[in-house]
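Below is one structure, written out as structure tokens; the observations come after it.
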């Protein structure tokens with residue numbers, strides 16, 4: 001398709017919020033700058049503003065002819081003529097060619113001159129809370145884990161030590177982490193106070209990788225300007241200043257030299273930085289002082305093929321430290337606008353990262369999708385973009401927080417990575433493993449073997465990450481292909497499917513409880529007669545190897561077998577993959593990966609399924625003990641380790657099929673069948689009809705009954721008497737847990753929305769404690785009004801008896817123990833720097849009375865009433881030493897002494913005094 005463009009008009013530079021959350025707006029002349037988007041003349045041509053017409057012909061001055069696949073520039077075609085009829089169609093196409101309208105720019109720095117950068121000092125209380133959360137995560141199970149590594153800063157005159165804090169990658173998808181920084185280093189000041197010295201970005205995700213990065217959520221919950229930066233392809237380098245003027249240079253999780261490599265990433269980054277500072281006549285101490293004065297970390301990408309090759313080429317003319325971010329050293333994520341980043345790069349000799357700024361998210365989406373067609377932009381191959389904007393928890397609600405997402409182009413870069421890892425396997429004498437691009441990869445490996453055999457030096461260089469791009473490009477030239485064509489080779493020319501595979505397939509789910517793996521297994525057995533081995537049917541010692549043996553035994557008589565266990569942790573997958581490969585050289589393992597992106601949604605949906613299923617499960621009898629089941633399911637979710645095909649043991653899978661745990665079993669069944677037909681067409685020769693798949697799911701849901709039932713024991717100390725009577729004890733009815741308290745639960749988002757609106761209307765000093773609770777994740781995960789607690793039952797015996805009776809009679813009617821509904825009016829928020837609470841009023845309705853059968857014998861009046869002196873919601877506490885129940889003490893002091901500087905208590909009227917819907921629930925003792 002041929003395209004052309006018109007001259008781009010002058011456009012005002014987007015207004016920027018050059019201030020972090022909770023701080024004063026910083027005024028700057030930068031807000032009113034204008035720029036001309038008239039860059040890269042070789043890539044565009046310009047129609048004259050008022051072209052002269054001659055019949056049906058238009059005179060133009062410059063033209064660029066753009067192919068959909070490969071841009072080909074023809075310049076200096078003066079007085080070229082186009083037919084207006086032909087031009088009409090092409091003009092419409094070019095006017096919508098966002099790629100040409102938005103070339104990446106590196107000159108925004110000049111427009112930021114005079115702008116004040118955001119500044120916030122590190123808060124002692126916030127830092128103390130952060131450090132407690134990090135230290136606790138290294139010592140006890142919190143549903144996530146943190147690895148702490150201490151480094152001596154070799155060049156520090158004061159021998160400063162820094163601590164690196166490293167989360168597991170999959171933990172970033174969980175709520176309530178102490179911080180979401182990916183790359184975090186702390187130290188102690190001369191006064192012994194903790195401080196952040198390196199702060200990376202909050203972990204950000206690709207489009208559709210998590211719920212937040214689904215386009216509908218991005219469109220609903222973000223605001224511009226949208227800063228689109230090229231995703232440079234190197235290794236990340238962090239730079240900041242220490243208290244003794246030492247320049248601290250780190251990679252993601254380490255600093256200084258390392259014994260396991262010749263030159264560490266941090267050391268290579270520091271050498272490159274020394275050269276760049278020398279060129280501009282500045283020193284490392286100068287940069288250290290500047291960064292410390294600003295309380296920031298400079299975030300750059302080291303791209304230098306002479307040090308280490310990645311996927312894209314960075315020769316001598318392109319090599320350097322590409323500065324793409326400056327983050328404030330705070331627990332919460334606050335980052336500089338990109339024009340200020342480019343200005344800093346100008347001042348300190350960094351390479352500037354290409355930048356595009358747009359105002360509307362729909363235009364951003366269209367731009368990204370257009371670039372994805374070719375993988376080219378600005379005259380170069382690119383791997384993708386990082387998009388920087390602001391996001392809110394709820395559409396249109398304050399505050400909006402700094403937030404990133406990325407748009408990565410899968411191909412041909414995944415294929416290039418596969419070739420790199422396969423080549424390294426060849427050099428190491430291992431069998432290369434690959435799942436995609438089978439035909440073209442086989443041809444690449446044949447070529448690579450010949451080159452490696454002919455040049456022994458090539459292997460040595462390749463293992464040092466040199467010669468990777470040259471070997472790849474030589475092969476593509478030999479095949480007369482470009483990368484995109486190579487990635488589409490099988491689609492164009494066929495091949496790629498494992499047509500020789502007809503049997504010996506083991507399907508391995510990677511899931512948590514309630515995802516539907518057993519339903520899927522039974523449905524596949526119904527459709528194809530495959531084997532189905534349930535781990536829970538195997539009792540006694542040494543279950544894992546016996547589980548593997550049972551699977552392999554079934555492959556003697558069946559073409560495929562379903563390995564029905566969760567396989568949620570890597571050690572389980574390692575055991576299965578290792579045992580199968582050692583015993584059956586030709587067996588292929590296919591991972592059925594239930595992708596755990598939105599943990600909250602998965603928790604909600606899977607619990608609902610399990611409770612609806614009741615006791616129809618081998619180990620989880622939901623109808624018998626709901627609270628215990630919730631605890632078991634939560635344990636599986638916390639221990640879940642996502643699939644990582646780049647590393648062992650998951651690299652041992654022969655194929656992967658992604659499934660959605662929230663989708664129904666029918667949808668997942670169809671996905672599995674169609675993917676197996678695509679990958680192994682001689683195993684699944686024909687996709688069953690929709691009616692057959694419907695019948696298979698019906699059979700799985702209605703006909704399945706567990707063969708063996710297990711009781712999950714409590715893991716406390718046992719003695720011989722316990723063991724002797726264990727069987728009799730498990731047969732006795734379980735003692736019901738007593739009621740701990742009666743409450744009214746409210747929707748978290750509604751309470752947070754009311755708080756955010758209230759604190760957005762006041763100054764930063766009054767909002768400071770709320771921001772601290774937000775930043776340190778000390779807000780309650782769920783909000784409720786306690787009506788009466790067991791601890792106060794003796795003071796209110798009649799009310800406690802009534803609540804206990806109602807709960808015993810009606811509490812089992814709902815999986816969540818819901819008893820009733822009522823409304824709650826939010827009146828005031830009260831706080832003192834230690835704890836925060838909302839004063840509320842319970843609003844009875846005509847149905848909320850004591851006339852129900854559940855409360856026979858009780859006095860007339862409201863069915864639900866609060867025994868506390870002040871009905872309230874505890875919002876959050878400063879740290880773990882402050883208990884939520886202390887909100888009663890706070891409110892008692894507030895009633896007696898009031899608010900003000902003398903009492904150190906503050907209160908605010910809740911904006912709009914919203915009336916929220918609540919659910920009355922009984923909460924059992926643990």
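Just so you know, all these numbers are worked out from the coordinates, no wet-lab data involved. Only a predicted model underlies this, so the values are computations on that prediction, with no experimental measurement involved. Cβ placement follows ideal geometry from the backbone for every residue including glycine, while neighbour counts extend to all protein chains displayed.
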Packing-based ranking, highest mean first, of 561-570, 378-387 given that Cβ atoms within 10 Å are counted:
561-570, 378-387
Segment 112-168: spread of alpha-carbon positions along the three principal axes, whole Å, largest first, is 49, 31, 23
Extension gain, residue 271 back to residue 492 (0.36 nm per residue minus Cα-Cα distance, nm)
74.9 nm
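Divide the volume of the convex hull of the Cα atoms of segment 474-613 by its number of residues and quote the answer in cubic angstrom per residue. All intermediate terms of the calculation are to be shown ahead of the outcome.
Details: hull volume 26.2 nm³, N = 140.
Convex hull of Cα atoms, per residue: 187 Å³.
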Hey, fewest Cβ within 10 Å first, where do 376, 807 land in order?
376, 807
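Would you please give the FRET efficiency between residue 317 and residue 667, computed as 1/(1 + (r/R0)^6) with r the Cβ-Cβ distance and R0 = 56 Å, to the nearest 0.05?
Values: r = 51 Å, r/R0 = 0.90.
Efficiency, from the Cβ-Cβ distance: 0.65.
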Work out, in µm²/s and without decimals, the Stokes-Einstein translational diffusion coefficient of segment 505-703 at 25 °C, 0.890 mPa s, Rh from Kirkwood over C-alpha pairs.
143
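From the mean inverse distance of alpha carbon pairs (Kirkwood) and the Cα radius of gyration, derive Rg over Rh for segment 397-505. Kindly include the intermediate steps, with their values, before the conclusion.
On the way: Rg = 17.7 Å, Rh = 15.8 Å.
Answer for segment 397-505: 1.12.
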How far apart, in nm, are two points set 7 Å out from the Cα along the Cα-to-Cβ line at residue 600 and at residue 651?
3.7
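Can you tell me the mean projection area, over all orientations, of the convex hull of segment 739-924's alpha carbons? Units nm², please. The partial results should precede the final answer.
Working: hull surface 44.5 nm².
Average projection, Cα convex hull of segment 739-924: 11.1 nm².
Order of 463-474, 898-909, 585-596 by packing, highest average Cβ count within 10 Å first? Please list the in-between numbers first.
Details: 463-474: 17.0, 898-909: 13.8, 585-596: 20.2.
Ranked from most to least packed, the peptides come out as 585-596, 463-474, 898-909.
Taking the beta-carbon count within 10 Å as an exposure proxy, list 280, 910 from fewest neighbours to most.
280, 910
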Roughly how many nanometres apart are two label points built 7 Å out from the Cα toward the Cβ at residue 781 and residue 883?
2.0
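Could you work out Rg/(2.2 N^0.38 Å) for segment 222-360, with Rg from alpha carbons only? Display every interim value, and only then the final one.
Working: Rg = 15.0 Å, N = 139, 2.2 N^0.38 = 14.3 Å.
Its radius of gyration relative to the 2.2 N^0.38 Å reference: 1.05.
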Roughly how far apart, in whole Å, are the Cα centres of segment 455-469 and segment 509-577?
42
Taking segment 320-400, the equivalent ellipsoid from its C-alpha gyration tensor has semi-axes in Å, biggest first, of 23, 22, 10
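Once you order the gyration tensor axes a ≥ b ≥ c over the Cα atoms, which shape class does segment 885-926 get: rounded for a/c under 1.5, otherwise prolate or oblate by comparing a/b with b/c? Mind dumping the intermediate values first?
On the way: a/c = 3.94, a/b = 1.47, b/c = 2.68.
Oblate.
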Ranked packing of 393-403, 659-669, most packed first, by mean Cβ within 10 Å
659-669, 393-403
Given labels modelled 7 Å from the Cα in the Cβ direction, how far is it in nm from residue 917 to residue 119?
5.0
Per residue, how big is the convex hull around the C-alpha atoms of segment 170-293? Give it to me in cubic angstrom, could you?
183
Test of understanding: ordering 324, 796 by Cβ neighbours within 10 Å, fewest first, what list do you get?
796, 324
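Taking R0 as 45 Å, what FRET efficiency do you get between residue 687 and residue 823 from their Cβ-Cβ distance, rounded to the nearest 0.05? Intermediate values should be presented prior to the final figure.
Details: r = 52 Å, r/R0 = 1.15.
Efficiency for this residue pair is about 0.30.
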